[in-house]
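Asks: First the structure, then my questions, so here it is.
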Amino acid sequence: MAKMCCLGSNNKMTMTIRETVDYLRALDFLTAQLPRESLRLFFIPSFTALSAASACAGGIDLGAQNMCWEERGQFTGEVSPLMLREVGVSIVEIGHSERRHIFGETDEMANRKVLCALSHGFTPLLCVGETAEQRACGIADEILRIQLIRGLRGVSAADAGRLVVAYEPVWAIGAGGTPAAPDYAGEKHAVLRQTLCALFGPAGAEIPLLYGGSVNLENCGPLALLPEVDGLFIGRSAWEPAGFYRIIQTVLPIFKIKNGPC
Ligand code: 13P
């Protein structure tokens, strides 16, 4: 079977419900004809838009930007896996750099969320990435290994096939970010792949590994060509349906050649 290519967008705290619905209708219209056997398209809107989004997402999988590791209780401001299941979510984004660095989330929290997401039937999308300071100190590889080993603690090799991992260097993300050069991203993806294989054996080789951080129309092709890149996780450049569609059109032929026909 061809390896799954994942192309998705995290909408962060950007679109309202109305804007999300308009966006998804347009994106679903543009992408409806794309074969899905080995392509997973996903969009991760705000929590408040999820319910309306699930009614119009069509062939686009929906994700949540965060999730509590408990089902119910005294956790003000958190959203439970039971609530996410009610609104048609299939992916849960865990440990995004903005969660880690603005809201203080740790690898241990990410780990609880990964285990909880798996036990509730979601695809955990674990985000990892080094800061500019860690890169400058030459410890990026160690940081990535630690984030994976801690974040995926207790996940069985049997469940590893349900994971998705995104490499998002913190310095590459957002309006002030600089996209990683393909050579650099390629090296780090190789480190992540080696770590996943060390953790899970052959199952580690099958985990989709996405690159994220200032992906745009110009750099999406060179990034998609990297051997250990199985997809892209995009912010700003995907927030217009036509912009996302152009990126999809650019990289799909590359992934088809790398992974085998869809
Ligand atoms: P940008 O593409 O806007 O840098 O955002 C990437 C991201 O944070 C995806 O999770």
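Nothing in this text is a laboratory measurement; each read-out follows from the coordinates by a stated rule. Every value quoted in this text rests on a predicted model; they were computed, and no experiment measured them. A quick note on method: Cβ atoms are made from the backbone with ideal geometry, for glycine too, and the neighbour counts reach across all protein chains shown.
Asks: In the stretch 204-218, which residue that is buried (at least 19 other Cβ atoms within 10 Å of the Cβ) and more than 16 Å from the ligand (Cβ to nearest atom) is nearest to Gly154 (Cα to Cα)?
Replies: Within the stretch 204-218, the match that is nearest to Gly154 (Cα to Cα) is Gly204.
Asks: While we're on this one: Output the residues belonging to the stretch 183-202 that are more than 14 Å from Gln147 (Cα to Cα) and buried (at least 18 other Cβ atoms within 10 Å of the Cβ).
Replies: Matches in the stretch 183-202: Ala185, Gly186, Phe200.
Asks: Of all the helices (runs of 4 or more DSSP H) wholly in the stretch 93-183, which have at least 1 residues that are of a type in the set (Ser, Thr, Tyr) and within 17 Å of the chain's Cα centre (by Cα)? Give the derivation first.
Replies: On the way: elements: 97-103, 107-119, 132-136, 140-151, 157-160.
Where helices (runs of 4 or more DSSP H) fall fully within the stretch 93-183 and carry at least 1 residues being of a type in the set (Ser, Thr, Tyr) and within 17 Å of the chain's Cα centre (by Cα), they are 97-103.
Asks: Quick one: in the stretch 219-256, which of the residues that are part of a loop (DSSP other than H, G, I, E, B) and more than 13 Å from the ligand (Cβ to nearest atom) is nearest to Phe42 (Cα to Cα)?
Replies: Looking at residues that are part of a loop (DSSP other than H, G, I, E, B) and more than 13 Å from the ligand (Cβ to nearest atom), I get Asp230.
Asks: Now for a different question. What's the number of the only condition in (1) within 24 Å of Cys197 (Cβ to Cβ); (2) in contact (Cβ under 8 Å) with a residue 60 or more places away in the chain that Asp107 fails to meet?
Replies: (2)
Asks: Would you check which residues across the stretch 23-48 are buried (at least 21 other Cβ atoms within 10 Å of the Cβ) and under 23 Å from Arg100 (Cβ atoms) and list them?
Replies: Hits for the stretch 23-48 are Phe42, Phe43, Ile44, Pro45.
Asks: Still on this structure, I have one more. Applying the selection to the stretch 154-184, what residues are within 12 Å of the ligand (Cβ to nearest atom), of a type in the set (Gly, Ala, Ser) and on the phi < 0 side of the Ramachandran plot?
Replies: Once the filter is applied, which keeps residues that are within 12 Å of the ligand (Cβ to nearest atom), of a type in the set (Gly, Ala, Ser) and on the phi < 0 side of the Ramachandran plot, the stretch 154-184 yields Ala166, Ala172, Ala175, Gly176, Gly177, Ala180.
Asks: Given the conditions (1) of a type in the set (Phe, Trp, Tyr); (2) touching a residue at least 40 places away in the same chain (Cβ under 8 Å); (3) within 16 Å of the ligand (Cβ to nearest atom), report the number of the one that Phe122 does not fulfil.
Replies: All conditions are met except number (3).
Asks: Next question. Quick check, is Glu78 free of Cβ contacts under 8 Å to residues at least 24 places away in the same chain and assigned to a loop (DSSP other than H, G, I, E, B)?
Replies: yes
Asks: Now for a separate question. Determine which member of the set Cys137, Cys127, Cys116 is away from the ligand (no atom under 14 Å from the Cβ) and buried (at least 17 other Cβ atoms within 10 Å of the Cβ). Even if it seems obvious, please write down each step before you answer.
Replies: Numbers: Cys137 fails: buried (at least 17 other Cβ atoms within 10 Å of the Cβ); Cys127 fails: away from the ligand (no atom under 14 Å from the Cβ).
Answer to the selection: Cys116.
Asks: What residue, of Ser51, Ser90, Ser97, is under 29 Å from Asp22 (Cβ atoms) and in contact with a helix residue (DSSP H, G or I) (Cβ under 6 Å, 6 or more places away or on another chain)? I'd like the intermediate steps shown before the answer.
Replies: Numbers: Ser51 fails: in contact with a helix residue (DSSP H, G or I) (Cβ under 6 Å, 6 or more places away or on another chain); Ser90 fails: in contact with a helix residue (DSSP H, G or I) (Cβ under 6 Å, 6 or more places away or on another chain).
The conditions single out Ser97.
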